[in-house]
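The block underneath contains the structure these notes are about, expressed in structure tokens.
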Amino acid sequence: MKLQQLRYIWEVAHHDLNVSATAQSLYTSQPGISKQIRLLEDELGVEIFSRSGKHLTRITPAGEAILKTAGEILRKVESIKQVAQEFSNERKGTLTLATTHTQARYALPPVIGSFIKQYPEVALHMHQGTPMQISEMAADGTVDFAIATEAMELFSDLIMMPCYRWNRSVVVPKTHPLAQVANLTLEELAKYPIVTYVFGFTGRSKLDEAFINRGLAPKVVFTAADADVIKTYVRLGLGVGIIASMAYNEATDSDLVALDASHLFESSVTKIGFRRGTFLRGFMYDFIEKFAPHLTKDIINEAFNRHSRLELDELFEDIEIPTH
């Protein structure tokens, strides 16, 4: 069994069983990958992939178990490389993030700008996706850090740490009747069509809970993952927008009025998550602290020592989480 063979089966599984695409991404030949997979299967005495002719059709039950272990081995190998790099050149390396549009567009730019200035030899890569996709990428080791508000609690092997609290604003054109309302209520808001985030994005669950708890059924006429898209359709008159407050900019959104809705909805918490057992290099600690200053190296290391979600929650009970 060779490490290269484990990498091949892992990459094939993560390229939708497309051997040709895998070969292109690894800069090698398709026949070479197919041959090494066959050699591994022969050595193990089981099929990792089912086939129809020359095409791979699905991962077998044995293959699922083998791939899980192969992923763990490959992550350990990557950790070994990280350890070596930290000692050979602590200011050079790669940092990979997965996050949502809202975080990438509104929360992260100053952090990344400062980080790149401090670590010009660290290559930083960002993936955007749904909260579920983001959490999966962190859980399977595709990225170093996941930054999101939703879904990460579904992955028990992620260490999740709270970064900041945030709430929502209602955005409407200046001529909209709500722009003249002094005390905004959920009942008043529910009278109008609503444009907001897709369920599962950017704290949408807190929004839905607030209406349900008041026995209201708002008419959500349009949803999107992107606050800029939501504001575009508010401008078109499609409905009243509900977005993260950080997504409203007085300069670029001067044609809209932002109404504070923090008294209507429970605040949400954006978290940063990484796989348990990850070796964090010095610049990784620094990135986390730039994004969330209360997450010092000592706090992060203490989080590593907490073995359950309950223990992690207890760690942060007495730590003040800033509001964005």
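The values are calculated or read from the model by the stated rules, or taken from the named source; none is laboratory data. Computed from a prediction, not measured in an experiment: that's the story for all the values here. Every residue, glycine as well, gets a Cβ built from its backbone with ideal geometry; the counts of neighbours run over all protein chains shown. These accessible areas exclude ligands, DNA and RNA; they are computed on the full protein's heavy atoms, side chains included. Shrake-Rupley method; radii C 1.70, N 1.55, O 1.52, S 1.80 Å.
Some values worked out for this structure:
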quantity: Residue that is part of a strand (DSSP E or B), without any contact (Cβ under 8 Å) to a residue 60 or more places away in the chain and open to solvent by 10 Å² or more (accessible area, probe 1.4 Å), where the choices are Ala123, Ala104; calculated: Ala123
quantity: So Arg91, is it farther than 21 Å from Gln4 by Cβ and at pLDDT below 90; calculated: yes
quantity: Matching entry among Asp228, Asp208 (being surrounded by 14 or more Cβ atoms within 10 Å (Cβ to Cβ) and closer than 15 Å to Thr149 by Cβ); calculated: Asp208
quantity: Filter pass, Arg91 being touching a Phe, Trp or Tyr at 6+ places or on another chain (Cβ under 8 Å), basic (Lys, Arg) and not in a helix (DSSP H, G or I); calculated: yes
quantity: Inter-residue pairs, beta-carbon under 8 Å, first over 14 Å from Leu280 (Cα atoms) and in the stretch 71-90, second open to solvent by less than 50 Å² (accessible area, probe 1.4 Å), 6+ apart; calculated: Gly71/Trp10; Gly71/Asp140; Gly71/Gly141; Ile73/Leu6; Leu74/Leu6; Leu74/Trp10; Leu74/Gly141
quantity: Residues located in the stretch 185-205, provided they are open to solvent by 30 Å² or more (accessible area, probe 1.4 Å), part of a helix (DSSP H, G or I) and in contact with a helix residue (DSSP H, G or I) (Cβ under 8 Å, 6 or more places away or on another chain); calculated: Glu188
quantity: Filtered residues of the stretch 242-253 (kept if of a type in the set (A, V, I, L, M, F, W, C), farther than 30 Å from Asp140 by Cβ and buried (at least 18 other Cβ atoms within 10 Å of the Cβ)); calculated: Ile242, Ile243
quantity: Hits in the stretch 49-64 (condition: open to solvent by less than 60 Å² (accessible area, probe 1.4 Å) and either outside any helix (DSSP H, G or I) or free of Cβ contacts under 8 Å to residues at least 24 places away in the same chain (or both)); calculated: Phe49, Ser50, Leu56, Ile59, Thr60, Ala62
quantity: Members of the stretch 254-274 found to be surrounded by 19 or more Cβ atoms within 10 Å (Cβ to Cβ) and among the charged types (D, E, K, R), listed by number; calculated: Lys271
quantity: Residue count for the stretch 192-224, restricted to those that are on the phi > 0 side of the Ramachandran plot, out of contact with any strand residue (DSSP E or B) (no Cβ under 8 Å at 6 or more places or on another chain) and modelled with pLDDT under 85; calculated: 1
quantity: Those residues of the stretch 272-281 which are of a type in the set (Lys, Arg) and either closer than 10 Å to Ile159 by Cα or at pLDDT below 90 (or both), in sequence order; calculated: Arg275, Arg276
quantity: Residues that are in contact with a Ser or Thr (Cβ under 8 Å, 6 or more places away or on another chain), in a helix (DSSP H, G or I) and either without any contact (Cβ under 8 Å) to a residue 12 or more places away in the chain or not aliphatic (A, V, I, L, M) (or both), drawn from the stretch 1-44; calculated: Tyr8, Glu11, Ala23, Gln30
quantity: For Val172: the one exception among (1) over 27 Å from Leu3 (Cβ atoms); (2) surrounded by fewer than 18 Cβ atoms within 10 Å (Cβ to Cβ); (3) touching a helix residue (DSSP H, G or I) at 6+ places or on another chain (Cβ under 6 Å); calculated: (2)
quantity: Filtered residue count, the stretch 126-142, keeping only those that are open to solvent by 10 Å² or more (accessible area, probe 1.4 Å) and either in contact with a Phe, Trp or Tyr (Cβ under 6 Å, 6 or more places away or on another chain) or not in a helix (DSSP H, G or I) (or both); calculated: 9
quantity: Checklist (1) without any contact (Cβ under 8 Å) to a residue 24 or more places away in the chain; (2) of a type outside the set (Val, Ile, Thr); (3) assigned to a strand (DSSP E or B) applied to Ala182, failing item; calculated: (3)
